[in-house]
Amino acid sequence: MKEILREVGMIARCFESISNIEFKEFKLARGQYLYLVRICENPGIIQERIAEMLKVDRTTASRSIKNLVSSGLIEKLIDCDNKKILKLYPTEKGKRLYPFLKREEEYSNKMALNGLTQEEQETILKLLYKIRKNIETDWEIVKKGGKRKYLSERNINL
């Protein structure tokens, strides 16, 4: 059933491509809108947590957050209790953009799920959740510099 993950990948790439084109006028590229949405929904979130939520490495998150700060859409503020912690908040400009991003998300969901019953939608969500939980195990290993099992079982000389 290799087609399942290929289909999921194609769906993700289609949405990313559409979003990159539609959000270009706001100078949001390469999934930066995902960061802005999560920060608007979780004001005060720290960079490490948002990287974890989006399943990206720290460097990728840092680069996107830096661009969002430069664009004036989010700001980093020092935590009152711990000066070493920087929290992320949407600026007024970012807050004004958020409803548009949410409308796009709702529209995309509506289009993607068109013709599916409520029960089918719930089933898909449950199954995708299981798939994500399965893959997160390997993601955690690789993120920390480890190797997935199939690599240690095969000897490949290139």
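The values are calculated or read from the model by the stated rules, or taken from the named source; none is laboratory data. Everything quoted here is computed from the prediction, not taken from an experiment. Here Cβ is always computed from backbone atoms with ideal geometry, including for glycine, and neighbour counts include all displayed protein chains. Ligands, DNA and RNA are stripped out before the accessible areas are found, and what is left, the full protein with its side chains, is counted by its heavy atoms. Shrake-Rupley method; radii C 1.70, N 1.55, O 1.52, S 1.80 Å.
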The stretch 11-90: helices (runs of 4 or more DSSP H) wholly inside it with 2 or more residues that are aromatic (Phe, Trp, Tyr) and under 13 Å from the mean Cα position of the chain (by Cα) are 32-41
Scanning the stretch 103-133 for residues that are loosely packed, with under 10 Cβ neighbours inside 10 Å and within 23 Å of ARG58 (Cα to Cα) gives LYS133
Considering only the stretch 34-54, I want to know if a residue exists there that is at pLDDT 90 or above, open to solvent by 90 Å² or more (accessible area, probe 1.4 Å), closer than 26 Å to LYS144 by Cα and not basic (Lys, Arg). yes
Do any residues in the stretch 10-33 that are more than 20 Å from ILE65 (Cα to Cα) have Cβ atoms under 9 Å from those of residues that are open to solvent by less than 70 Å² (accessible area, probe 1.4 Å) and of a type in the set (D, E, K, R), where the two are at least six apart or on different chains, and which pairs are they? ILE18/GLU104
So GLU119 ticks every box in (1) assigned to a helix (DSSP H, G or I); (2) within 18 Å of the chain's Cα centre (by Cα) but one. Which box is left unticked? (2)
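So, in the stretch 67-92, of the ones that are among the charged types (D, E, K, R) and loosely packed, with under 13 Cβ neighbours inside 10 Å, which residue ends up farthest from ARG30 (Cα to Cα)?
Restricting to residues being among the charged types (D, E, K, R) and loosely packed, with under 13 Cβ neighbours inside 10 Å, the top hit is ASP81.
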Matching residues, the stretch 125-158, being of a type in the set (Val, Ile, Thr) and either modelled with pLDDT of 95 or more or assigned to a loop (DSSP other than H, G, I, E, B) (or both): ILE156
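Table: residues versus (1) among the β-branched types (Val, Ile, Thr); (2) closer than 26 Å to LEU125 by Cα; (3) touching a strand residue (DSSP E or B) at 6+ places or on another chain (Cβ under 9 Å).
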{"site": "ILE4", "(1), (2), (3)": "yes, yes, no"}
{"site": "THR60", "(1), (2), (3)": "yes, no, no"}
{"site": "VAL69", "(1), (2), (3)": "yes, no, yes"}
{"site": "ASN82", "(1), (2), (3)": "no, no, no"}
{"site": "ILE85", "(1), (2), (3)": "yes, no, yes"}
{"site": "PRO90", "(1), (2), (3)": "no, no, yes"}
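From the residues in the stretch 1-33 that are of a type in the set (S, T, N, Q) and surrounded by 15 or more Cβ atoms within 10 Å (Cβ to Cβ), which one is nearest to PHE100 (Cα to Cα)?
Filtering first and then ranking leaves SER19.
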